[in-house]
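Student: The following block contains the structure, expressed as structure tokens.
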Amino acid sequence: MVIDDWLFELLWDFTPLILYHGFGMDPIIEGFRRAFSLIFTLDPELLSIIFLSLGVSGTALIIATVLGLPIGALTGLKRFPGRGLIISLLNTFMGLPPVVVGLFLYLLLSRRGPLGFMALLYTPSAMIIAQSILAFPIVAALSHSAIKKIEPLIKQASLTLGATPFQVMITIMKEARYGIMSGVIAALGRVMAEVGAILIVGGNIAGYTRVMTTTIALETDKGNFELALALGIILLMLSFIINMFLYLIQKKGVVETAIWT
Amino acid sequence: MDLKLIISNIYKSYDRKPVLKDCSFSFDRSGTYVLIGPNGSGKSTFFRICGLLEDPDEGEVNYFSGVHILKRDIELRRRITLLLPKVGIFNTTVFKNAAYGLRIRGTKGPKIKEKVDKALEFVGLTHKKNQNALTLSSGETQRLGIARAMVIEPEIFFLDEPAASVDQENTEIIEDIILKMKKEERSIVVIATHDMAQAKRLADWLLLMKDGKIISSW
Ligand SMILES: Nc1ncnc2c1ncn2[C@@H]1O[C@H](COP(=O)(O)OP(=O)(O)OP(=O)(O)O)[C@@H](O)[C@H]1O
Ligand SMILES: [Mg+2]
């Protein structure tokens, strides 16, 4: 009896602690369990959010590359008045805070804004525009510096072998391909992880403009950890894959540059 | 042999320091010209001007076909070539490096293969044709530079120090290539070097660069 009493008292004393720990750990473990089950059962909501994310960021990346690569090539290959200014601007905009982009784009696209008539606010198109603006300076500035790094010898070699000015340009860009690719991938990494701009202009509408990062922000706020965790895990995996690519490309570039000199 | 180059009274300075002063010469017979001169005498400058990479400050650089002066356009540039002391290898295979001149001229695949294979055979790089050209040794790089220029069959071929920074064995290989080229081609080959013995081995005509002029030839 004495022992029982003692045990009872011990348990009684520690109950709050046990309860605290029990209830404290549970949601996290439970959250992970449900997150993995969402992932492994290929939950339709989860999938549609992932596909929208990839669609928005992928389209933005294509637009940013189509616009940014020629600017990078032009500033990397040609000297003209205002070139230094363009390069400084690009470098500044590389670190543009996404919420600032979101804010300005919101003001432009809101119903009373100058582009309000296009009714783009709270659509995936607005999100694509926002991410294109974020990705563009990265693609342009990094391809500029990749092209700049190509030895003048390459230009001279192609000229002496009979290349036209356009062919010289293509040759230099081909030589800079690894640097250009790293720029594009770095831009993808940035827009995939970004939340501020698309939250403002996309509005986080379920089934329409809700992407991985904005869902994580919202569901965490609401205390629904399982979807947030599942998306967090996938975002982490995607980011890992993107960075693996970046690493491999940069390594290839470095090895080949090392042989160069 | 149709193409000739006549240089008349050219001047060239860098930062007000004259390098070429009233320099004239005519390349009008097929064969090998070797230009010798000490470091900094202006050989490379002269070559870059002849190869149309740079313009002289004064004087004329005229390519002739018969009695006609040719326009300095892409068509003319494609009839001559200049192999620079640093070759400027493209980051791709040996084969694709050698094929570059033909590819930009729009030559068809099978023809490219035939000509490139022949040129790589000529310089002894057939076994390396699928290797990345940036992994070649300096001697092999120089030989690839020669092959890459040969495939475009230039009528005038300038080689600026083709055997600089290359060991004895590769120097001999490169000299052999140049001697073989002389036997096979009926074009003008101009080589810059500061190795007198090498100059004598290769030259039909020996030119000396001194005080910004080509002062003697024999
Ligand atoms: N782009 C340039 N800018 C400034 N100075 C130059 C430039 N190119 C050549 N020079 C100068 O012109 C002079 C002649 O150089 P060049 O390279 O033509 O000589 P070289 O005869 O080829 O010498 P080497 O035997 O060392 O190759 C040198 O004093 C060099 O410093
Ligand atoms: Mg020189």
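The values are calculated or read from the model by the stated rules, or taken from the named source; none is laboratory data. No experiment lies behind these values; they were computed from the predicted model shown. Counting neighbours? That spans all protein chains shown, and the Cβs are built from the backbone with ideal geometry, glycine included. Keep in mind that these areas ignore ligands, DNA and RNA; they rest on the heavy atoms of the full protein, side chains included. Shrake-Rupley method; radii C 1.70, N 1.55, O 1.52, S 1.80 Å.
Student: Relative to the longest principal axis of chain B, what angle (0 to 90°, nearest 10) does the C-alpha long axis of helix B:138-150 take?
Tutor: 80 degrees
Student: A further question on this structure: Which value at 222 nm does the protein assembly as shown reach when only helices count, each DSSP H run of 4 or more adding -39,500 (n - 2.57), with the total divided by all residues and rounded to the nearest 500 deg cm²/dmol?
Tutor: Dividing the helical sum by the residues of the protein assembly as shown leaves -20000 deg cm²/dmol.
Student: Could you state the principal axis extents of the C-alpha atoms in segment B:101-200, from the largest down, to the nearest angstrom?
Tutor: Its Cα atoms span 42, 31, 20 Å along the three principal axes.
Student: Compute from the Cα atoms of segment A:108-156 the Rg and the Dmax, the latter being the longest Cα-Cα distance, and quote both in angstrom.
Tutor: Computed over the Cα atoms of segment A:108-156, radius of gyration and Dmax are 18.1, 55 Å.
Student: Could you give me the ³J(HN,Hα) list for segment B:104-113, computed from phi with Karplus coefficients 6.51, -1.76, 1.60 and θ = phi - 60°, whole Hz, x at Gly and Pro?
Tutor: After applying 6.51 cos²θ - 1.76 cosθ + 1.60, I find 6, 8, x, 5, 7, x, x, 5, 4, 4 Hz.
Student: Across segment A:171-184, in residue order, what do the Karplus-derived ³J(HN,Hα) couplings come to in whole Hz, using 6.51 cos²θ - 1.76 cosθ + 1.60 with θ = phi - 60° and x for Gly and Pro?
Tutor: 4, 5, 5, 5, 4, 8, 4, 5, x, 5, 4, 5, x, 5
Student: A further question on this structure: How many square angstrom of accessible surface are buried between A and B, both sides summed, with a 1.4 Å probe and rounding to 100?
Tutor: The summed interface area works out to 1900 Å².
Student: Next up: How much accessible area per residue does chain B have, counting only protein heavy atoms and a probe of 1.4 Å, in square angstrom?
Tutor: 47 Å²
Student: Could you compute the longest span of chain B free of trypsin sites (Lys or Arg not before Pro) located in DSSP loops and having at most 12 other Cβ atoms within 10 Å, not counting the site residues?
Tutor: Looking at chain B, B:109-185 is the longest stretch - no exposed trypsin sites (Lys or Arg not before Pro) with at most 12 other Cβ atoms within 10 Å.
Student: A further question on this structure: Cα-Cα pairs above 31 Å in segment A:46-260: how many percent?
Tutor: On the way: 6781 of 23005 pairs.
Value for segment A:46-260 (Cα pairs over 31 Å): 29 percent.
Student: Based on the alpha-carbon gyration tensor of segment A:168-261 and its eigenvalue square roots a ≥ b ≥ c, which shape applies: rounded if a/c is under 1.5, prolate if not and a/b is larger than b/c, or oblate?
Tutor: It is prolate, given that a/c is not under 1.5 and a/b is the larger ratio.
Student: For segment B:65-94, state which residues have at least 50 Å² less accessible area in the presence of all protein chains than in their chain by itself, taking the probe as 1.4 Å and leaving out ligands, DNA and RNA.
Tutor: Residues losing area: B:ARG77, B:PHE90, B:ASN91.
Student: Taking the Cα centre of each part, how many Å lie between segment A:21-79 and segment A:135-213?
Tutor: 19 Å
Student: Carbon and sulfur atoms: what percent of the 1.4 Å accessible area of segment B:3-217 do they account for?
Tutor: The nonpolar share, carbon plus sulfur, comes to 49 percent.
Student: Which shape class applies to segment B:1-106: rounded if a/c is under 1.5, otherwise prolate when a/b exceeds b/c and oblate if not, where a ≥ b ≥ c are the square roots of the Cα gyration tensor eigenvalues?
Tutor: oblate
Student: Could you state how much accessible area B:ASP176 has, in square angstrom rounded to the nearest 10, with a 1.4 Å probe and all protein chains kept in place?
Tutor: My reading of the accessible area for B:ASP176 is about 90 Å².
Student: Is the C-alpha gyration tensor of segment B:3-217 telling us rounded, prolate or oblate? Criteria: a/c under 1.5 is rounded; beyond that, a/b larger than b/c is prolate, otherwise oblate. Write down the numbers at each step before the final one.
Tutor: Working: a/c = 1.79, a/b = 1.42, b/c = 1.26.
Prolate.
Student: Could I ask something else about it? If you count only protein heavy atoms with a 1.4 Å probe, what accessible area per residue comes out for chain A, rounded to a whole Å²?
Tutor: 57 Å²
Student: Give the percent of DSSP beta bridges with both residues in segment B:107-218 that are antiparallel, rounded to the nearest 5.
Tutor: In segment B:107-218, approximately 45 percent of DSSP beta bridges are antiparallel ones.
Student: Using a 1.4 Å probe on the protein heavy atoms, what percent of the accessible area of chain A belongs to carbon and sulfur?
Tutor: About 74 percent, which is the carbon plus sulfur part of the accessible surface.
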